[in-house]
Each structure stands twice: as C-alpha cells, then as structure tokens.
Amino acid sequence: MKIIIINSSPRQNGNTAMMCEAFRQGAMTATPSPEINTIHLNDLNFKGCQSCFACKLKGSARYGKCSLRDDLTPVLEAINDSDCIVLASPIYLMDLNSSAKAFLERLCFSLGSYETGYRSLAPKNIVVVTIYTMNTAEPLSPTSAMDNADAFLSHIFSKTHRLCAYDTYQFADYSKYVIEVFDEAQKSKRRARQFPQELKKAHALGAKIANRPLPDACLLRHRIGDNA
Ligand SMILES: Cc1cc2nc3c(=O)[nH]c(=O)nc-3n(C[C@H](O)[C@H](O)[C@H](O)COP(=O)(O)O)c2cc1C
C-alpha cells in the first residue's frame, strides 16, 4: 500500500505534523509495511490553480491533468499512483490554510470534470483522510470549511475519514506572548488530557486503513460513513 501524507502547516513539529506522525506510526504497524511518503507543502515552491483550463481541453493528452509545472507536479502525479492520501491542515482564519487550499485547487479542479454529474477523472477510489487542527474548541470549529474540503475530496476519490484536534497549544511557553483571550491553565489542562486522545485516534485510523486488504480499500467509496 502506498500512502502519501501531505502536511500543509509551516510548523514541521507542530500540532498538525504530530497528528500526521501518529497516523504514520499507526500505519507502520501493518504487515507488510506500507510505503509512506510525507510531504511538507511549505518546503515546496508551488502555486494554486492558474485557471488555464488545460485540464478541460477537448482531445488533449493533458485532459484531467494539471499542466502547471512546479514542485507540486510530482506530488500530484504520485497521488494517482497511491492507495491513500492524508491531507492535514491547520485552521487559519476559519478555513484551511493557503497552502492546503492551493494544493486542493490543483488536485480537485483537474480531476473534477465538467462532464455530466461532474464525473471524477481520478484513476481509482483511493482512501482519503483529512486532519484539521485548530485553536478553537469543537463547538466553534469551522465545520463548513472542513465540510467543503471533504466534499470535494469525497467526490473525487472516496468518502473522507476526518480527524480533528481542537483547542491546540500554539506556543510552547504562553508566558512569553501577549495572550489575554485564552486561559493558559485551562489550555494546558486540555493539552495534557485531550491531545493524546486525538493522537491516539490518528494512530488507530492509520493502523485500520493500512491493515485493510487493498481490494477492500478501493471499494470504500460508498461504504465508509464512519468519520473518526
Ligand atoms: C495565521 C493563523 C490563523 C489562525 N486562525 C485560526 C482560526 O481561525 N481558528 C482556529 O481555531 N485557530 C486558528 N489558528 C490556530 C491554529 O489553527 C492552531 O494553533 C493549529 O493547531 C496550528 O497548527 P500547527 O501547530 O501545525 O502549526 C490560527 C493560527 C495562525 C498562525
């Protein structure tokens, strides 16, 4: 099984990266071990969709493929050959961050056709996991932004499995920053109690997906309704 983990957070040791790593470690418990490639979007030089419409051109060999050439090109090509992708984004301004959105524009616009029913041009129904981490507690989380991203990915590939880490810790030492709107003691309590549970869920989902026989994994499109 080939798994590609895409972390859009600029912080390579932050909350989002930790959730990705927990998923990776869970997946690595499978036998045989999956091939896992972790991509940090912040290391790549790439743009969002340039609206060139080459992916929609009649009779073109590039139909359904993004024609923009940059550091994201090999990642998009590798996704077509993978069995599972994980898209992990911190929430910025009540939305996915800009790198995650640029990535989604390139991936979903080229593979989502304008044919009847917006037919998906993805070569197979790969398993998709989304991971979102955010400062807010669950009742204030931006569900519509997460739902939008998941809806596109579900349409293109297969129904997404979503993991969320709420009320995350932003600073290693809150005393160094001007913070009046958060209760540090409350946050630290939650960090100790809740975040390990969220990491555990990411680990468990990684193990569950990587241990599933591949033919089943490819049939997930309409059967999986259990967003973790
Ligand atoms: C520019 C910026 C905007 C943010 N906006 C939000 C927001 O709208 N809602 C929220 O819950 N958290 C927001 N956060 C907090 C992050 O989503 C949160 O701390 C996240 O877990 C950071 O992930 P990381 O540790 O992987 O960088 C924001 C952080 C930054 C830097």
>> I'd like to compare 119-126, 170-177, 60-67: which one has the highest average count of other Cβ atoms within 10 Å, and what's the full order after that?
In response: 119-126, 60-67, 170-177
>> I'd like the orientation of helix 195-211 relative to the chain: the angle between its Cα long axis and the longest Cα principal axis, in ° from 0 to 90, rounded to 10.
In response: 30
> Could you put PHE109, PHE103 in order, starting from the residue whose Cβ has the fewest other Cβ atoms within 10 Å?
Replying inline: PHE109, PHE103
> If r is the Cβ-Cβ distance from ASN211 to SER60 and R0 is 35 Å, what FRET efficiency results, to the nearest 0.05?
Replying inline: 0.30
> Using a basic spin-label model with each label point 7 Å from the Cα along Cα→Cβ, how many nm lie between LYS47 and THR31?
Replying inline: 5.0
>> What number results when the radius of gyration of segment 14-95, computed over Cα atoms, is divided by 2.2 N^0.38 Å?
In response: 1.35
>> Assuming 0.36 nm per residue, please report the length gained on full extension of the stretch GLU180 to ALA78 beyond their Cα-Cα distance.
In response: 32.3 nm
>> Springs between alpha-carbon pairs under 10 angstrom, Gaussian network model over the chain: which of ALA202, ALA30, ALA100 fluctuates most?
In response: ALA30
> For the Cα atoms of the chain, what angle does the longest principal axis make with the long axis of helix 98-111, in degrees from 0 to 90, nearest 10?
Replying inline: 20
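Using R₀ = 35 Å, calculate the FRET efficiency as 1/(1 + (r/R₀)^6) where r is the Cβ-Cβ separation of LYS189 and LYS2; round to 0.05.
It comes to 0.30.
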>> Percent of Cα-Cα pairs more than 26 Å apart in the chain, please.
In response: 37
> Debye sum, Cα scatterers, segment 98-173, no solvent: what log₁₀ I/I(0) at q = 0.14, 0.19 1/Å?
Replying inline: -0.53, -0.84
> Pairing the Cα long axis of helix 143-156 with the longest principal axis of the chain, what angle in degrees results, from 0 to 90 and rounded to the nearest 10?
Replying inline: 30
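Rounded to the nearest 500, what is the 222 nm mean residue ellipticity of the chain from helices alone, with -39500 (n - 2.57) per DSSP H run of 4+ residues and division by all residues?
Calculated at 222 nm, the ellipticity per residue is -11000 deg cm²/dmol.
Read-outs: derived from the displayed coordinates by stated rules, not from any lab. This is a predicted model, so every value here is computed, not measured. All Cβ positions, even for glycine, are placed from backbone atoms using ideal geometry, and neighbour counts span all protein chains on display.
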